[in-house]
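The values are calculated or read from the model by the stated rules, or taken from the named source; none is laboratory data. Quick caveat: nothing in here was measured; it's all calculated off a predicted structure. Positions of Cβ are generated from backbone atoms using ideal geometry, with glycine treated the same way; all protein chains shown enter the neighbour counts.
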Amino acid sequence: MGGGIFNPSFFYISLSHKKKPNNNTILIVWQHNTSKFNLICYGRHTMLLNPALQSIFATVALFIHSHAKNNSLNTPVISRGYAKFAPMEATQTTLTPLIGMTLPQLRDVAAECGMPPFASGQMAKWLYEKRAASIDDMTNLSKTARATLARRYTIGRTAPKAEARSADGTVKYLFEGVGGRDIEAVYIPDRDRATLCVSSQAGCRMGCRFCMTGRQGFHGNLTAGQIINQVLSIPESPTLTNIVFMGMGEPMDNLDPVLGAIDILTSSWGLAWSPKRITVSSIGKIDTLRTLLDTTKVHIAISVHSPFAEERASLMPVEKAYPLKDVLQLLRGYDFAHQRRLSVEYIMWGGLNDNMRHAQALARLLRGLDVRVNLIRFHAIPDSDLRTSPADTMVAFRDRLNELGITATIRTSRGEDIAAACGMLAGKAREQRP
């Protein structure tokens, strides 16, 4: 039912010959969340029956139904017409998820539900610190407030649909996505660190030649709630030390939800993480990258993969819209020497970008920036003519960059046996329901 709440427990009594509801129709609705009947008289006011009257009302309703069919009621209205129970058209109520809401948004919810402003902070604590499973868990909200809230909202947290475990301890989780495509998050334990790689989109618009996510096309943006749900809903959530926005999608192509998720992760009313525990990766979409740099203090990772514009464009079409030289010029205006870190992602392909000419050109390009280069082994994907650079070639490339004054390391590959390594995330097309 698309995440909505379906409630078929209702019927109507018609006291006229007309089959559509009118001023002589009583609509009786049983509400599961309040365990009460709603008695609605069309054209008049709505009354809510308290529990003490429920059985009495049900008896009266059955009496009308039984005797009106037998014409045993002699009032003019009923003798001219009929009374019957019949199912109304099925209805669906979509509840809005609270997960993913920032404190100002929760203030709006509190005002809408007739709660005082401080209730927003209480809700935030239940959502992000105490990890409430239901609105009923929010026991410092009044019973009336919880009932009102539950009629319009839900917690909105959803468990992973599936998981795959690697021999190296990496775990890939499959979550409900958008546009018919599920999304993936990857948990990577490493001694005293526990990193979660989260997705920001289902699919991707950037079309990078070497990436499985880009190959599947774009299916839709995730909400802040869907991003935060990945963090809160895995079993290892309480032990996480770091978050990297390096999963499916381009974070700077879905800026507002990404900023909302970062706000929840770093604010005192949210998870209260230091921004130094968060890294956002981007191909370099300049306008939104500038906003991220100005409004957060998270670490930045830029996908480079070639120092030569024409070659980079053949791998990453975005080079034509956002040339790397312009991206680096933007980054030179920010301080990466202290609290915030800048890194460059460089996937290495055999015979393409792994020679000393590329190393020297990359060093020239990055000179003057406080930056670390992460050299990444290419993980083969189906129907690709790209091949992995040999290990000794990667070591020589790393050493040459270090000689030229650019700090470089080779990133350890994790989760390749479950298609969870860099560039391998593809999500899953959801089966169509009949």
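Of the residues examined, residue 352 is one that is surrounded by 16 or more Cβ atoms within 10 Å (Cβ to Cβ), over 33 Å from the mean Cα position of the chain (by Cα) and not basic (Lys, Arg).
Could you list, in sequence order, all residues of the stretch 302-341 that are part of a helix (DSSP H, G or I) and touching a His at 6+ places or on another chain (Cβ under 8 Å)?
Matches in the stretch 302-341: 312, 315.
For the stretch 409-416, the criterion of being part of a helix (DSSP H, G or I) and at pLDDT 95 or above is met by none of the residues.
When 94, 148 are screened for being over 27 Å from residue 245 (Cα atoms) and either modelled with pLDDT under 95 or buried (at least 21 other Cβ atoms within 10 Å of the Cβ) (or both), only 94 passes. For the residues 234, 135, 227, 243, the requirement of being without any contact (Cβ under 8 Å) to a residue 40 or more places away in the chain and either crowded, with 19+ Cβ neighbours inside 10 Å or on the phi < 0 side of the Ramachandran plot (or both) singles out 135.
Here residue 213 meets the list (1) under 29 Å from residue 318 (Cα atoms); (2) surrounded by fewer than 22 Cβ atoms within 10 Å (Cβ to Cβ); (3) of a type in the set (Val, Ile, Thr) almost entirely, failing just condition (2). From the list 156, 114, which one is modelled with pLDDT of 95 or more, surrounded by 15 or more Cβ atoms within 10 Å (Cβ to Cβ), at positive phi and of a type outside the set (S, T, N, Q)? Every option except 156 fails the conditions. Answer yes or no as to whether residue 152 is of a type in the set (D, E, K, R) and either in contact with a helix residue (DSSP H, G or I) (Cβ under 7 Å, 6 or more places away or on another chain) or under 25 Å from residue 303 (Cα atoms) (or both). No: the conditions fail for residue 152.
Just to be sure, is residue 120 modelled with pLDDT of 95 or more, under 17 Å from residue 224 (Cβ atoms) and more than 20 Å from the chain's Cα centre (by Cα)?
Details: modelled with pLDDT of 95 or more: yes; under 17 Å from residue 224 (Cβ atoms): yes; more than 20 Å from the chain's Cα centre (by Cα): yes.
Yes: the conditions hold for residue 120.
The single condition among (1) in a loop (DSSP other than H, G, I, E, B); (2) at negative phi; (3) out of contact with any strand residue (DSSP E or B) (no Cβ under 8 Å at 6 or more places or on another chain); (4) modelled with pLDDT under 50 that residue 71 does not meet is (2).
Among the residues of the stretch 186-202, those that are not hydroxyl-bearing (Ser, Thr, Tyr) and not in a strand (DSSP E or B) comprise 191, 192, 198.
Summed over the stretch 246-260, residues that are farther than 15 Å from residue 99 by Cα, outside any loop (DSSP other than H, G, I, E, B) and of a type in the set (A, V, I, L, M) total 2. Selection of the stretch 266-286 for residues being buried (at least 22 other Cβ atoms within 10 Å of the Cβ) and assigned to a helix (DSSP H, G or I) yields an empty set.
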